[in-house]
1. Using only Cα atoms, tell me the angle between helix 15-26 and the longest principal axis of the chain; keep it within 0 to 90° and round to the nearest 10.
2. State, to one decimal in nm, how far the label point of E23 lies from the label point of Q69, with both points 7 Å from Cα in the Cβ direction.
3. Which distance in nm do the two modelled labels at E95 and I5 give, with both placed 7 Å along the Cα-to-Cβ direction?
4. Where the accessible area of the chain is counted over protein heavy atoms with a 1.4 Å probe, how much of it, in %, is carbon and sulfur?
5. Give the accessible surface of the stretch 28-94 per residue, rounded to a whole number of Å², with probe radius 1.4 Å and ligands, DNA and RNA excluded.
6. In debye, nearest 20: dipole of the chain around its Cα centre with unit charges on the Cβ of K, R (+) and D, E (-)?
7. What 222 nm value per residue comes from the helices of the chain, counting each DSSP H run with n ≥ 4 as -39,500 (n - 2.57) and dividing by all residues, nearest 500 deg cm²/dmol?
8. What order do K36, K80 take when sorted by accessible area (1.4 Å probe), most exposed first?
Amino acid sequence: MFTHIVFFKLKDRDSENLNKAKEILLGMEGKIPMLKELTVGIDVVHSQRSYDIALITKFDSKEDMDKYQVHPVHINEVIKYLKPMLDGSAAVDFEE
């Protein structure tokens, strides 16, 4: 199993934008065959080092994650709409 985690900081952190970003990410569910699991959470602690949203995705392999990165749904339905909302992001990728 290969896990891809991304943390996002939004430019505008109001609840409407947080929920919109969450829905954009959840919109991938069931549309990308190699995406085995998808979890999205909005931060509730709001500490100085917190990010606003976490995306946790799981794949059978790194190769499947690489295919996900260029999948039309990921590019046209997620990156296209989410990227303009972002102030920054960080990622961690690992094999279990």
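1. It is inclined by approximately 0 degrees.
2. The modelled label-to-label distance comes out at 3.0 nm.
3. 1.9 nm
4. 52 percent
5. Values: 4190 Å² over 67 residues.
For the stretch 28-94, the per-residue accessible area is 63 Å².
6. Numbers: 13 positive and 17 negative charges, 53 e Å.
It works out to roughly 260 debye.
7. Details: 2 runs with 20 residues, N = 96.
Helix-only estimate at 222 nm: -6000 deg cm²/dmol.
8. The ranking, largest first, comes out as K80, K36.
The values are calculated or read from the model by the stated rules, or taken from the named source; none is laboratory data. The structure displayed is predicted, hence computed values, not measured ones. Quick reminder, even Gly has a Cβ in these numbers, built from the backbone with ideal geometry, and neighbours come from all protein chains shown. Please note that ligands, DNA and RNA were not included when accessible areas were found on the heavy atoms of the full protein model with its side chains. Shrake-Rupley method; radii C 1.70, N 1.55, O 1.52, S 1.80 Å.
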